[in-house]
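Beneath this line is the structure, given in C-alpha cells, with notes to follow.
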Ligand SMILES: Cc1ncc(COP(=O)(O)O)c(C=O)c1O
C-alpha cells in the first residue's frame with residue numbers, strides 16, 4: 001500500500017478508455033493537427049471562462065519551465081518559495097529553458113509565498129541594478145509542496161503586487177485539481193481572475209497516464225510557445241494521445257471528482273492520525289498532501305505492515321510525507337491509521353519533535 005506520492009498510481013479507467021478510443025483511428029495527423037488536440041482549445045476555454053491557449057506537455061517540469069520561458073529573459077529573476085518544485089526539484093531546468101534566468105528562493109509562511117514576503121524581496125531586488133538579475137516573474141504552487149492551499153484572495157494580493165512591479169505570475173498546478181476541489185471555487189477564481197498569467201494544469205498525479213497542459217491566459221503572449229516546445233523536444237508527433245487524456249480528464253467534471261476523492265481520503269487519514277498524541281501534522285490538510293512527525297518505532301511498524309511512504313529522521317523520530325490519490329482505498333487509509341494507533345505510545349513525546357529538512 002503506497003502513500004509515497006500521487007504519481008505512484010495508475011490511470012483512471014475513464015482515461016484508459018479514452019486512450020483506447022483514440023487508438024481506434026488507424027491514422028490521425030501528427031504534431032497536434034488532429035481533431036482531439038484541436039478541440040482542446042474550445043474545451044479549456046469553456047472551463048476557464050475565457051479564450052485561452054492550451055499546450056499539452058508530458059512532464060510537469062517541462063510545462064513549468066516552458067511556461068516561464070515565455071516571459072522571463074535570460075537575465076531575469078523568478079521569485080519562488082525555497083521549497084518550490086522549480087527551485088528544488090527541477091535540476092536547473094528553469095535556468096536552462098530560460099537561457100539563464102535564476103529562481104530566487106524565498107521563505108514562506110504556512111508553506112505559501114504571500115504578498116508581504118514578496119514585497120520584502122522586491123525591496124532587495126530593485127530593477128535597474130546592472131549587477132543583479134532583473135525581477136521578471138513570481139511562481140507559486142497550488143497546492144503547495146507542503147500541502148497548503150492558497151485562497152483566491154491570497155493569490156490576488158500577491159498577483160496585484162507582482163503586476164505593480166511588472167512581474168509575470170506563474171502557477172505550478174501539478175495538483176491544481178485538488179485545490180479547486182477543496183476550495184469549491186471556479187478554476188478562473190484562482191487563476192486569471194486573481195491575476196495568474198500562466199498555469200501548469202496537472203493531470204498525471206490525478207488520473208492521467210502522463211500529461212499536463214500549459215495554459216496561457218493571454219493568447220497573444222503564447223505566440224512563441226510552439227517554437228519553444230519544439231526546440232525543447234516536447235512537440236509529440238502523436239500528440240493525440242496526450243490530448244485524449246486531457247479531453248477525458250476535464251470532461252463532465254472527472255478531474256474534480258478524482259481530486260475530491262483524493263482530498264477526502266487525506267481528510268480521513270489526517271483526522272485519524274491527528275488523534276494520536278505522538279503524531280504531529282504540519283497542518284490540517286484540505287488537499288491530498290501532509291507532512292508529519294512520528295516516532296521512529298511507529299515508522300518501523302508501518303513499514304513492517306507493508307505501508308510505503310517517504311520519511312527521514314533520527315533514532316527518535318521521523319518526518320514523513322503522506323500523499324493520497326484518486327485511487328486511494330479507504331480501507332488502506334483505515335489500516336494505516338489502525339497500525340499507527342497500535343504503535344502509538346499514547347502520550348506526547350517528552351522532548352518535542354521538529355520538522356526535519358528533507359535530505
Ligand atoms: C509541485 C510539483 N510540481 C511539478 C511536478 C512535476 O514533476 P514531473 O516533471 O516529475 O512531472 C511535481 C511532481 O512531483 C510536483 O510535485
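The values are calculated or read from the model by the stated rules, or taken from the named source; none is laboratory data. Predicted, not measured: the structure shown is a model, and the values here were computed from it. Backbone-built Cβ (ideal geometry, glycine too); neighbour counts: all protein chains shown.
Of the helices (runs of 4 or more DSSP H) that lie entirely inside the stretch 82-190, those containing 1 or more residues that are buried (at least 21 other Cβ atoms within 10 Å of the Cβ) and away from the ligand (no atom under 16 Å from the Cβ) span 93-98, 115-124, 152-164, 176-183.
Considering the conditions (1) out of contact with any strand residue (DSSP E or B) (no Cβ under 6 Å at 6 or more places or on another chain); (2) away from the ligand (no atom under 14 Å from the Cβ); (3) assigned to a loop (DSSP other than H, G, I, E, B); (4) farther than 30 Å from residue 330 by Cα, residue 45 is excluded by exactly one of them, (3).
Counting only residues that are in a helix (DSSP H, G or I) and touching a residue at least 40 places away in the same chain (Cβ under 8 Å), which one in the stretch 59-77 is farthest from the ligand (Cβ to nearest atom)?
Initial filter on the stretch 59-77 (in a helix (DSSP H, G or I)): 60-69.
Now drop any that are not touching a residue at least 40 places away in the same chain (Cβ under 8 Å), which leaves 60, 62-64, 66-69.
Details: 60: 2, 62: 7, 63: 8, 64: 6, 66: 12, 67: 11, 68: 12, 69: 15 Å.
For the stretch 59-77, the residue satisfying everything is 69.
Only one residue in 281, 322, 292 is closer than 19 Å to residue 111 by Cα, in contact with a helix residue (DSSP H, G or I) (Cβ under 8 Å, 6 or more places away or on another chain), crowded, with 22+ Cβ neighbours inside 10 Å and free of Cβ contacts under 8 Å to residues at least 40 places away in the same chain. Which one?
Working: 281 fails: crowded, with 22+ Cβ neighbours inside 10 Å; 322 fails: free of Cβ contacts under 8 Å to residues at least 40 places away in the same chain.
That would be 292, the only listed residue that is closer than 19 Å to residue 111 by Cα, in contact with a helix residue (DSSP H, G or I) (Cβ under 8 Å, 6 or more places away or on another chain), crowded, with 22+ Cβ neighbours inside 10 Å and free of Cβ contacts under 8 Å to residues at least 40 places away in the same chain.
The condition of being within 16 Å of the ligand (Cβ to nearest atom), buried (at least 23 other Cβ atoms within 10 Å of the Cβ) and under 29 Å from residue 78 (Cα atoms) holds for only one of 202, 207, that being 202. For residue 29, the conditions (1) surrounded by 15 or more Cβ atoms within 10 Å (Cβ to Cβ); (2) farther than 24 Å from residue 327 by Cα all hold with the exception of (1). No other residue among 353, 298 is at pLDDT below 95 and surrounded by 13 or more Cβ atoms within 10 Å (Cβ to Cβ) apart from 353.
Considering each residue of the stretch 21-35 in turn, none proves to be at pLDDT 95 or above and within 24 Å of the chain's Cα centre (by Cα).
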